[in-house]
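For reference, the structure is listed below as structure tokens.
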Amino acid sequence: MTAGATLARMADPSELERVSRLTLDYYAQRADAFAEGTHDHDVSQNIDTLLRFIEGEPPFSILDLGCGPGRDLRALTALGHHAVGLDNVPRFIELARTSGCEVLQQDLFALDLPAARFDGIFANTVLFHVPGAVLPRVLGELGAALKPGGVLFSSNPRGNNEEGVTRGRFGAFHDLAAWRRYLTDAGFDELTHYYRPAGLPREQQPWLASAWRKPWRAADPA
């Protein structure tokens, strides 16, 4: 199948519904095991990167996109910020709400976010679940939810721009060049990128992390 045909297929609403349901079911069936297995994962480097680039006086309003069971909501709250979670797995939402934070139940492919509400969006291991065919729209919606000058942080498993259903869930595995194109086309300015885990050879760093700023004002018309 050609790349164009793949994009057209993934943009079809019924196909999006299928891959969304597969991915949600994958996590729903493993929710408690996932919570247990990831509760002590150290993502402080990622949180620190997001917060370092947000300008202004804290506390900041931060959306934890794909918050899962709420580990990072708790970390952000402990740092004094106002964190809001978003997920669409009922058990994750139940667990995340025990953090005391507001948690929105929304689908990644049908976001309904308030305009210019957040200083930062923490998208840790979530945007790789969005097919490339609809990623520009999703990034546009996230940009609209950020305040001018706000920061989007993302961390995704990297690859050679493959996408599809593997091991029961959808994944899109972008390299740096492709990820840059998506984000810059969506109007973001690159702040930094790095590979994780730190200190290992590149072939042992499966995660691509990056931070992006929403411009302070819209570009002047040509």
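The values are calculated or read from the model by the stated rules, or taken from the named source; none is laboratory data. Being a predicted model, the structure only gives us computed values, none of them experimental. No Cβ is skipped: glycine too gets one built from the backbone with ideal geometry, and neighbour counts run over all protein chains shown.
What are the pairs, 6+ residues apart or on separate chains, where a residue within segment 149-167 that is at pLDDT 95 or above has its Cβ under 6 Å from a residue that is basic (Lys, Arg) and part of a strand (DSSP E or B)?
Close Cβ pairs (under 6 Å, with a partner that is basic (Lys, Arg) and part of a strand (DSSP E or B)) amount to 151/213.
To keep it simple, each residue is scored yes or no on (1) among the aromatic types (Phe, Trp, Tyr); (2) touching a Pro at 6+ places or on another chain (Cβ under 8 Å); (3) crowded, with 16+ Cβ neighbours inside 10 Å.
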| position | (1), (2), (3) |
| --- | --- |
| 111 | no, no, yes |
| 127 | no, no, yes |
| 135 | no, no, yes |
| 139 | no, no, yes |
| 148 | no, yes, no |
| 161 | no, no, no |
| 185 | no, yes, no |
| 194 | yes, no, no |
| 210 | no, no, yes |
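Looking at 84, 89, 103 in this structure, which one is in contact (Cβ under 8 Å) with a residue 40 or more places away in the chain and either among the hydrophobic types (A, V, I, L, M, F, W, C) or exposed (fewer than 13 other Cβ atoms within 10 Å of the Cβ) (or both)?
89
Which of the residues belonging to segment 106-141 are without any contact (Cβ under 8 Å) to a residue 12 or more places away in the chain and of a type in the set (A, V, I, L, M)?
110
When segment 58-78 is examined, which residues are found to be closer than 15 Å to residue 151 by Cβ and not in a helix (DSSP H, G or I)?
Hits for segment 58-78 are 58, 59, 60, 61, 62, 63, 64, 65.
If you go through segment 98-122, how many residues are part of a loop (DSSP other than H, G, I, E, B) and either on the phi < 0 side of the Ramachandran plot or acidic (Asp, Glu) (or both)?
Matching residues across segment 98-122 total 9.
Kindly provide the set of residues from segment 123-176 that are in a helix (DSSP H, G or I), within 30 Å of residue 57 (Cα to Cα) and touching an Asp or Glu at 6+ places or on another chain (Cβ under 9 Å), ordered by number.
Those that are in a helix (DSSP H, G or I), within 30 Å of residue 57 (Cα to Cα) and touching an Asp or Glu at 6+ places or on another chain (Cβ under 9 Å): 139, 141.
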